Amino acid sequence: MNVAGLPVERRIALAAQRAGFGGVVAPGHLARAAAAAPQRIVALGGHVVPQPAWLRALLAMPLEPETLYVDGGTVAMIQTEHPGRVLDVVTRCSGPGDLAGALNGAVRVVQEPLQPSGRFALGGPADVPAAEAWLLRSLVKPSEGFMSRHVERRISLAVTHRLAGTRMTPNAMTVVSVAIGLVGAPFFLATESLLQMIGALLFLAHSILDGCDGELARLKFQESRAGAVLDFWGDNLVHVAVFACMAVGWSLASGSSWPLVLGAITIVSALATATFAARRFIGGAAPDAASTAGRVAEALSHRDFIYLIVALAAFGKAPWFLVPAAVGTPSFLLLLLVGDGGRRAARRP
């Protein structure tokens, strides 16, 4: 069975590798993953769709030696000094339940639920839509803004669901979203509300589709540093283009240069913030949530501001966004610097 564009067996193998298991095989309907220390063996039923975080929890879970822990026909796990003997039995079994019967007497068998969350057991092809919906829900980050979580993610996840079974790659999706954002930027040179609204909606479409590349990457285990760099700087390129067009359009309409100053402050601060943040965020790091600066910086990083641009564009006033942006963007940079300084101070002995 295929789930979200990948066969279940392939999804098990990739999730196990991502979780840090040292080796993966899939004999028949049973997947086996051996950790770097070969004593830990985990057997999954071929109908189980796992999350990497769940497999990592199994890998770190304390076990009594030479005891087979069995959770129905879903998963069995053992810590053994004789992995060859166990693996020989594994290859002759059709699932965790059979493994329990085959090893009963040779090791102690305990029936016990093993980390129930983080997996989806398929009962048959009819359960595939529910499994895919479960996987898609897991892609929503708890730190996202209100509109991102309740509006943009609903749309991006629906698009990702459609694309999961195609050849569309995360990097190609990034290029599409960046292109849409850049096409929308020149509309902010205009003073007419209709043209500004077109630009704002294209900017919003860029933001929505920008979520699809990361969703596809995580859903199909196609994350890469190159993809993260392309996504990060492509997004910032769109922001710079939009702010620049707002500043130029407002300057031309007003016959003054001060909108250019607002635009320059916003753009320089945004690029400085991006340069600073790239070192930490492209690799998956995040602001220190324990600090006040970290919490505020996390809140400011949400892209709910796009809806303010849409609202202003309805009245032909989208460039007015540069006023709060020229204050908020340098403030965001300052908070990142303060948070980074606090982290460094905390590390000092």
Just to be sure before I move on: is ALA131 of a type in the set (Gly, Ala, Ser), surrounded by 14 or more Cβ atoms within 10 Å (Cβ to Cβ) and modelled with pLDDT under 90 in the structure I sent?
no
Could you check the range 113-201 for helices (runs of 4 or more DSSP H) lying wholly inside it with 1 or more residues that are under 28 Å from LYS317 (Cβ atoms)?
153-163, 170-184
Among the residues that make up the range 172-182, is at least one of them surrounded by 19 or more Cβ atoms within 10 Å (Cβ to Cβ), among the small types (Gly, Ala, Ser) and over 14 Å from the mean Cα position of the chain (by Cα)?
yes
What are the residue pairs meeting all of these: first residue in the range 329-344, first residue assigned to a helix (DSSP H, G or I), second residue among the β-branched types (Val, Ile, Thr) and at pLDDT 65 or above, Cβ atoms under 6 Å, and 6 or more apart or on different chains?
THR329/THR266; PHE332/THR273; LEU333/THR273
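Restricting to the range 310-331, give me the number of residues that are under 18 Å from PHE187 (Cβ atoms) and either surrounded by 15 or more Cβ atoms within 10 Å (Cβ to Cβ) or among the polar types (S, T, N, Q) (or both).
11
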Candidates VAL183, VAL176 - the one that is under 27 Å from SER138 (Cα atoms) and of a type in the set (A, V, I, L, M):
VAL176
Of the residues that sit in the range 33-60 and are part of a loop (DSSP other than H, G, I, E, B) and in contact with a Leu (Cβ under 7 Å, 6 or more places away or on another chain), which one is modelled with the lowest pLDDT?
ALA35
Are there any pairs, at least 6 apart or on different chains, whose C-beta atoms fall under 8 Å, with the first in the range 131-144 and small (Gly, Ala, Ser) and the second modelled with pLDDT of 90 or more, and if so, which?
ALA131/VAL3; ALA131/ALA4; ALA131/VAL49; ALA131/PHE120; ALA131/LEU122; SER138/GLN51
Tell me which residues, restricted to the range 205-235, are in a helix (DSSP H, G or I) and over 26 Å from PHE305 (Cα atoms).
LEU219, ARG225, ALA226
If you take the residues in the range 93-103 that are modelled with pLDDT of 80 or more and not hydrophobic (A, V, I, L, M, F, W, C), which one is surrounded by the fewest Cβ atoms within 10 Å (Cβ to Cβ)?
GLY101
Which of the residues spanning the range 66-103 are in contact (Cβ under 8 Å) with a residue 24 or more places away in the chain, farther than 23 Å from ARG119 by Cα and assigned to a loop (DSSP other than H, G, I, E, B)?
GLU66, THR80, GLU81
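Matching residues to (1) modelled with pLDDT under 85; (2) touching a Gly at 6+ places or on another chain (Cβ under 8 Å); (3) not assigned by TED's automatic domain parsing to the domain that holds LEU202:
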{"residue": "ILE265", "(1), (2), (3)": "no, no, no"}
{"residue": "GLY283", "(1), (2), (3)": "yes, no, no"}
{"residue": "HIS302", "(1), (2), (3)": "yes, yes, no"}
{"residue": "ILE309", "(1), (2), (3)": "no, no, no"}
{"residue": "GLY316", "(1), (2), (3)": "no, no, no"}
{"residue": "TRP320", "(1), (2), (3)": "no, no, no"}
{"residue": "VAL327", "(1), (2), (3)": "no, no, no"}
{"residue": "GLY339", "(1), (2), (3)": "yes, yes, no"}
Residues GLY46, GLY72: which one is closer than 29 Å to ALA130 by Cβ, surrounded by 17 or more Cβ atoms within 10 Å (Cβ to Cβ), small (Gly, Ala, Ser) and under 35 Å from the mean Cα position of the chain (by Cα)?
GLY46
With respect to the numbered conditions (1) surrounded by fewer than 20 Cβ atoms within 10 Å (Cβ to Cβ); (2) in contact (Cβ under 8 Å) with a residue 60 or more places away in the chain; (3) hydroxyl-bearing (Ser, Thr, Tyr), which one is the sole condition not fulfilled by SER207?
(1)
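Quick grid of which residues meet (1) charged (D, E, K, R); (2) closer than 25 Å to SER224 by Cα; (3) not assigned by TED's automatic domain parsing to the domain that holds GLY46:
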site	(1), (2), (3)
GLY101	no, no, no
ARG108	yes, no, no
GLN115	no, no, no
ASP127	yes, no, yes
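The values are calculated or read from the model by the stated rules, or taken from the named source; none is laboratory data. Being a predicted model, the structure only gives us computed values, none of them experimental. No Cβ is skipped: glycine too gets one built from the backbone with ideal geometry, and neighbour counts run over all protein chains shown.
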